[in-house]
Every structure is written in structure tokens, then in C-alpha cells.
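The values are calculated or read from the model by the stated rules, or taken from the named source; none is laboratory data. Remember, predicted model here, so these are calculated numbers, not experimental data. Don't worry about glycine lacking a Cβ; one is built from the backbone with ideal geometry, like all the others, and counts go over all protein chains shown. SASA here: full protein model, heavy atoms, side chains in, ligands and nucleic acids out. Shrake-Rupley method; radii C 1.70, N 1.55, O 1.52, S 1.80 Å.
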Amino acid sequence: MSKIDNMAASLGEFVIKWRWLVILAVTLIVMVLASGAGRLVFDTNYRVFFSDDNPQLKAFDELQRVYTKTDNITFALKPKSGDAFTAEVLSAVQELTRESWKLPYSGRVDSITNYQHTYAEGDDLTVVDLVEGDPYSFAVVDFAYIRDVAMNEPLLVHNAISENGKTTGVNVTFNFPEKSIDEVPRTAAAAGELLSKIQAKYPDIEMHASGMVSLNNAFSEASMKDMSTLIPLMYGVLLLSMIVFLRSITATIATLFVVAFSAMVAMGLAGWAGIHLTPPSASAPTIILTLAIADSIHIIVSMLKAMQHGMEKKKAIIESLRINFQPVFLTSLTTAIGFLALNFSDAPPFHDLGNMTAVGVTAAFIFSVILLPAILSVLPVSCKLTAKKGERKDMMDKLGAFVVKKRKSLLSGMIVTVIFLAIMIPRLDVNDQWLSYFDDSIPFKGDSEFLMENLTGIYRMEYSVGAGDANAVSEPAYLTNLEEYTSWLRKQPQVTHVYSVTDIFKRLNRNMHGDDEEWHRIPDNREMAAQYLLLYEFSLPYGLDLTDRINVDKSASRVSVILNGDISTREIREFKTLSEQWLKDNTPEYMHTEATSPSVMFAYIADRNINSMMKGNFVALLLISLIIMFALKSFKLGVISLIPNLVPPIMGFGVWALLIGQVNMAVALVTSIALGVIVDDTVHFLSKYNRARNEKGLDAKEAVQYAFHTVGSALVVTSFVLILGFGTLVLSAFKMNSLMGMLTAVIIACALVADFFLLPPLLILLDKKKKEK
């Protein structure tokens, strides 16, 4: 026996001798570490998906430093009557506007009722709320006037009022502190209570709420829903799987202790480390529960096989540890490396997911070789699996013989299949619309879809267009260029609405010329334009000033673009490039700017993660291959192991391209996650193959059959459990987790196919040297 085998056998003897002390000590340590889980909190800010050096985030932060923040909630109101200009609707909007000022951190409220309407009274400029007084006291002519003003104001249509006049909205902008934890949920809850109160008072008006605050809160809702549903479901899946495959209640109980303790330690240490939970990291317990079971299955299956051959239980446990310690250690190490590679991701939540899972996998290995043998030695273990295991052994023997016999045909068929699926991969389309991150169980999705269908879009793009010098926003040349840009934007098929200060200047110019429509144009004199703007600003009420449109020294103004609801992230990137190029081609250099917004940030997040994870995947693959070479003491086997580890992701992405065709930024992470998982099968197969070649002196064909005989059934069981485990993520309310789970499950299935039908023919073809006993 090797030194590792001797060490593993000695460990087994020690654990069995001091089994009660081991169980007590491990339990106490786990309880202490797991207590840190009480310190875990949910981070509800969408900004957590972006690293501090993310260029899109930096551009967005700069915009918010210059102008007001964009965290908002938009209330949409659609009356059953089909007319938003009635006493009931305007009264509801008035009340909702008034009460929205009282929401926590509310900084600005805009609606058609408090829209600052301007008109001329002699030589004076009058600025008033569009809806003044009690709407129930209005005459028919008053409603007609309000409708005429609102439906002809470009700053309101497709923003505060729909094009058909059937739906209106109230937009609330919030000023949250820089590091907000519970402010968003509290604000979202207060907004929900307000909307319910208004809805109850006006039952004939359908109401919904969406916006960036609602998006932030949706992340928290999705995380908490996953934690409360997926983890219990995962326990049920594991329990059922263990009972079906092992047919042993005691083995199932022992395994459940291992997986539960592994998840508890990972979550507890995360709490002690100050990690904040996000939708991606909230899936860590489910992934850990799935991965932790694999080590236990290999140890238990080997133990039961030894007992079936007449070995006493304690000796069977020691023998199982002896032959499985090295492969179980290697698979745990390589899995941890695969998840640690997520630290290369540009999205910090995936750093937390990778680190938490790596800790859980490490804990699972420790518990599998220390706690599991102790529990198994205490509990009675039945050998009623003899018949079933014999059937599985016979099936694996037949499969091994078939693979050896048909190795050339299988190798050719696998090569053709892999090439075909690789050709399909370019068909994948990456789309990171953040609305598609959530399933229909999260209210934010339905509310946002209602908003897009009836009022306005939720995807925005912001520009800070420089004017060159201080106070130069009143310069006619600047305003003329800005008006041309605004007109160009409004003609683009991707655009729903454009908010530009040129509309304000044109309206003021008309007002100051007796509301003569011929003067509804850019002022031709800088001094007059500046006076109009100053007079208008002095007339605006508190909270409705122009600081969200024009910077402090009036050297730049903000252009806001609302995009169509069905626009993809690829189209957002294309439109961003196109709109920036128009400025470069048609305006002075000081007007050139970069578009930014949360929508832009999410549009680039997949590309940035794919580029960063390519480095991570390369490092992980290199380390895993070196570890296999060192552990198996074979450079040749280490090189051969690259093939069954690279092929499954290629096959999985090809299958996904054929069946689904679309992915989000999770695609950048799946390869690392899958690599850490699928290498387990390769390691176990190669470990048994190498043992047969070195210890038993078998040739390549015989060693392949030996590997099928000894580890084939365990690989099928662990792969099936992993597929079920990652498949459980399909039910996640957070679609990024759902896609990650489904795609990983597909790759794991492809990995089993590769390890059974590609790896053995390669070993027989490339490893022809005869081994001596």
C-alpha cells in the first residue's frame, strides 16, 4: 500500500476507535461555526453586481454625482373607463403625488397633476401645477384643457401619460445613503402600503409599481424565496435519491448529517466573514448540498461492496477509506478550485458564491472522512443491497465490455458529435435584460410588464452633454445642436421617450412671446435664454427644480432616453455606440459624451464576465490538470484528463444552443462551476484505472473494465444526484440561478457520457504500455 493508503487506513481506525468523541467534537465545532449565519444580511442593491473598477459603473456614478440620483418608483394608474383625464383619476393622482412626498428618502415626485405648466399673462410668466384644486369641481372645459396640455407636451407623453391617454403615472425619486442595507426594503414596503391604500379608495383604477427601487427589492424577494423553498426541496431530493440508490436508511441518515453540516459551516463562516447575501450567493446552500453528497456516496458504495464480499463492517469502512481517500480528496480539491475560479468574475456576488461553495466542499470532504465513518460505525448497516448491487455490477461489467469492444466506433462517434455541437455554439445569443432575471412569482416582473405595455419603458439611457463653458447651456448654438440630437433620438425605432432641456427652452421662448406658436423654437439670444431659464427656476416649487436636468454651473445638461420594452442587451449596446457616434460626427468635441444607466451596465456585464472568466477557467483547468498529474504520478494521464474535462462544456453549450438559443451572464460562470464538478468523475475513473494498471498489472483494456466494475455504478449515482441537485435550481425565482442550474445539469450529463464513451477508448488508444505487477 502507498503512504496515502496507510494514512487513510490509520485515520479510519482512529475514527472508529474514538467514534463517540469524534461525533461530539464535530457537532460542537459545527454549532459554533454555524452560529455566524445569524449575522447574514441581504444586500438589495443592484450595484453589487458590478465591481468598483467597472467602467460602466464609474460613468453612472459620475452622472449621479452631477445630477440627482435615479433610484425611483413609478406608480402606473389605468382606469377601467379608459380615460385618465377624469375627476376620479386626477384626484387619485393628486393624492398619490401628495402622499409620495412622505415616503422614506423621497426627494422628488413628478406627475401630470404637479407638472409645472407655464403660460403668458401679459408680459409675465406664470408657472403653476397643471391640476390645481379639487378635480371633482372641474367643468368639462377644464378636463379638456388639461388633456390638451398634457397630450401635446413631449416631456409628458410616454413618460407621465400614455400616448392614448388611458394610463398615467407618478414617478418618485429617492435619495438613499451610499451604503444602504435595509433602506430599500423599508421604502418598497412603505410604497406598497401606500399603493394598497390608494387602490382601496379608488377600486376602479388598476395600479402597479415598478422602477429601480422595485428592482432592488426584487433581488431580496428572489433570494428569500429561494432560501425558503429550494433548500427544503433539496433536502427532499437528496433524501429520496439516497433511499432509492443506496436502499439503506442508516447510510442515508449518515449522509444527511454530512451534507447538512457542510452547508451550515459554509453559511456560518460567510456570516462571520461579513458576506452579504445576494440572489447568486443565496444559491450556495443548494449547490453545497448537491456537491457534498458525492463524497459520501463513493465511501458508502465501496463499504457496502466490501461487506457483500463478507468483510466485517468496521473493516469495510477502513477499506473504503483506504481506496477512496485519495480520489475523494482530489475531487474535493478540484471542485473547490473550480468554484474559487469565480473570483475572476467581474461580478462580486459570484466571488461570494464561489468562496462559500469552496468552503462547503472542503467541509464536506473533512466530514466525509471523519464524521461519516464514525456515524456508520455506530449505526446498524444492513446488507440488503446485495442483489441490487450485483445487478448494477453486472450491468457495469457489460457496459465496460461493450465500450472495450466498440471503442473505435465510439471514439469516432464522439468526435463527430463534439465537432457538430461545437459548431452550434456561435448560435447562442447573450441577453441580460434584468427584467428577465425574475420569474412570474416575483411581483416586480408583472408590474414592470404592465408599465411597459401601458405607459412607458423601464430601460433607460442617460447622457450628460457638455456645453463647453459655465452658463453655456443657454448658448443658442449649443441648444441648436442639442435639439438636433434630441430630434434624431426621437426618430430611432428603439426609442420610446426623450427628455431634453431644449423642450423647456422652446416652451419658455413661446411663453415669453405671448404663447405664439411661431416662437416655439430655440431662443436666438444667449442672454434672453438665460433670463428665461432664471425666471423659470425662480418660479419652481421646492423639490421640482432643474438640478436633475442641468448641472450646478450650467456647463452641461442631461438627456434621458427611455427605450422600448422588448429591446435586447445586444441592441442596447448597438444603440449606445450609434448614439455616441452621432454626437462625434455632428457636434463639437465638448458635447461628446458616454451613455450610461443601469440598463447600459447590465448590457455589458455578460461580455465583461466572459472575458474575465476566460482567465479564471484557464487557471482552474491548468491547476486541475497539474494536480491530476501529480496525484496519479503520470504526465500522460494528466494530459488525457484534459479531454474529458473540456469536452462536456462544449457539448453542453452546443445542446443549449440547439434547444434554447439564449443565455445571460451566468454562461460566463457555468464553465468554471461545471469544470469543478465534472472533473470528479474523471478523477475517480482514472484513479481506479491507474490502480488497476499499477497494483494489479492489468493492461489498458482490462484496467478500463476494472474501472467500470469498481466505480461505474457510483459515477452513475453521483451524476444522477448532481443532475437532480442542479436541476432543482430550475425552480429558482432568480432566472440567472435557474439557467446556471439547468446548463450545469446538462454539462454534467454530457460529462458522464464523455467519461464512459470517450475517456476509455482514449486510454486504450494512448496508454498501451504494459504495466508490471
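How far is helix 635-659 tilted off the main Cα axis of the chain, in degrees rounded to 10, range 0 to 90?
40
Output the 0 to 90 degree angle, nearest 10, between the alpha-carbon long axis of helix 407-424 and the longest principal axis computed from the alpha carbons of the chain.
The angle comes out near 10 degrees.
How far apart, in nm, are two points set 7 Å out from the Cα along the Cα-to-Cβ line at residue 427 and at residue 32?
With each label placed 7 Å out from Cα toward Cβ, I get 5.7 nm.
When the accessible area of region 691-741 is split by element with a 1.4 Å probe, what percent falls to carbon and sulfur? Walk me through the numbers before you get to the answer.
On the way: 840 of 1400 Å².
Taking all protein chains in place, region 691-741 shows 60 percent carbon and sulfur surface.
Can you send over the solvent-accessible area of residue 689, 1.4 Å probe, protein chains only, in Å² to the nearest 10?
Roll a 1.4 Å probe over it and residue 689 shows about 0 Å².
What aspartates and glutamates could a cross-link reach from residue 80, if we take a straight Cα to Cα line under 20 Å and drop same-chain neighbours fewer than 8 places away?
Within the straight-line cut-off, residue 80 pairs with 88, 95, 163, 204, 206, 447, 449, 453.
May I have the convex hull volume per residue, in Å³, for the Cα set of region 620-682?
On the way: hull volume 4.3 nm³, N = 63.
Taking the convex hull of the Cα positions in region 620-682, it is 69 Å³ per residue.
Over all directions, what mean area does the Cα convex hull of the chain project, stated in square nanometres?
Values: hull surface 146.7 nm².
Mean projected area of the Cα convex hull: 36.7 nm².
In whole Hz, what ³J(HN,Hα) sequence does region 540-546 give by Karplus (6.51, -1.76, 1.60; θ = phi - 60°), x for Gly and Pro?
My calculation for region 540-546 gives 7, x, 4, x, 10, 6, 9 Hz in order.
Going by average Cβ neighbours within 10 Å, how do the peptides 280-286, 61-67 rank, with the highest at the top?
Values: 280-286: 27.4, 61-67: 15.3.
Top to bottom by mean Cβ count within 10 Å: 280-286, 61-67.
Explain nothing, just compute: Karplus ³J(HN,Hα) = 6.51 cos²θ - 1.76 cosθ + 1.60, θ = phi - 60°, for every residue of region 255-268 in order, whole Hz, x for Gly and Pro.
In residue order, the calculated couplings are 5, 4, 4, 4, 5, 5, 5, 5, 5, 5, 5, 4, 5, x Hz.
Provide 636, 3, 197, 398 ordered by accessible surface of protein heavy atoms (probe 1.4 Å), highest first.
Values: 636 85, 3 180, 197 110, 398 150 Å².
Accessible-area ranking of 636, 3, 197, 398, largest first: 3, 398, 197, 636.
Looking at the square roots a ≥ b ≥ c of the eigenvalues of the Cα gyration tensor of region 219-358, which shape do they give, rounded for a/c under 1.5, prolate if a/b is larger than b/c, or oblate? Provide the component values of the computation, followed by the final result.
Values: a/c = 3.06, a/b = 1.80, b/c = 1.70.
Prolate, since a/c reaches 1.5 and a/b exceeds b/c.
Please list, in order, the residues from region 428-470 whose amide nitrogen is less than 20 Å from a point placed 7 Å along the Cα→Cβ vector of residue 660.
428-442, 445
Taking only protein heavy atoms into account and a 1.4 Å probe, give the accessible area per residue of region 165-266 in Å².
About 38 Å² of surface per residue is accessible.
Based on the Cβ-Cβ distance from residue 730 to residue 570, what FRET efficiency comes out when R0 is 30 Å, to the nearest 0.05? Please report the intermediate quantities before stating the final value.
On the way: r = 25 Å, r/R0 = 0.84.
Calculated value: 0.75.
Using R₀ = 45 Å, calculate the FRET efficiency as 1/(1 + (r/R₀)^6) where r is the Cβ-Cβ separation of residue 17 and residue 395; round to 0.05. Before the final figure, lay out the partial values.
Values: r = 37 Å, r/R0 = 0.83.
Efficiency, from the Cβ-Cβ distance: 0.75.
Does anyone have the angle between helix 140-151 and the longest principal axis of the chain? Alpha-carbon axes, 0 to 90°, nearest 10?
60
At R0 = 30 Å, how high is the FRET efficiency between residue 580 and residue 480 if r is their beta carbon distance? Nearest 0.05 is fine.
On the way: r = 20 Å, r/R0 = 0.65.
It comes to 0.95.
Hey, for a label at residue 553 modelled as a point 7 Å past Cα toward Cβ, could you say which residues of region 479-506 have their backbone N under 20 Å away?
479
Pop a pseudo-label 7 angstrom from the Cα along the beta-carbon direction at both residue 535 and residue 309 and give the gap in nm to one decimal.
10.0
Please sort 327-338, 419-430 by packing, taking for each peptide the average over its residues of neighbouring beta carbons within 10 angstrom, highest first. Write out the running numbers ahead of the final one.
Details: 327-338: 24.6, 419-430: 14.4.
Highest mean packing first, the order is 327-338, 419-430.
Which entries of 225/313; 69/166; 166/584; 17/305; 305/735; 17/636 show an alpha-carbon separation above 31 angstrom in the structure shown? Display every interim value, and only then the final one.
Working: 225/313 43 Å; 69/166 29 Å; 166/584 39 Å; 17/305 22 Å; 305/735 41 Å; 17/636 40 Å.
Those over the limit are 225/313; 166/584; 305/735; 17/636.
Can you bin region 55-206 into rounded, prolate or oblate? Criterion: square roots of the alpha carbon gyration tensor eigenvalues sorted a ≥ b ≥ c, rounded for a/c under 1.5, prolate for a/b above b/c, oblate for the rest.
Oblate, since a/c reaches 1.5 and b/c is not below a/b.
How would you rank 292-298, 478-484, 136-142, highest first, on the average number of other Cβ atoms within 10 Å across their residues? Please list the in-between numbers first.
Working: 292-298: 26.7, 478-484: 21.1, 136-142: 11.1.
Going by the mean number of other Cβ atoms within 10 Å, highest first, we get 292-298, 478-484, 136-142.
Which whole-number percent gives the relative contact order of the chain, counting Cα pairs below 8 Å spaced six or more residues apart?
Working: 1324 pairs, mean separation 147.8, N = 773.
About 19 percent, as a whole number.
Report P(r) for region 131-234: all Cα-Cα distances, bin width 10 Å, range 0 to the bin holding the largest distance, values in whole percent.
The calculated distribution, bin by bin, is 11, 29, 31, 18, 7, 3, 0.
Is the shape of region 16-100 rounded, prolate or oblate, going by the alpha carbon gyration tensor and its root eigenvalues a ≥ b ≥ c, with a/c under 1.5 for rounded and a/b larger than b/c for prolate?
Working: a/c = 4.99, a/b = 2.17, b/c = 2.30.
Because a/c hits 1.5 or more and a/b fails to exceed b/c, region 16-100 counts as oblate.
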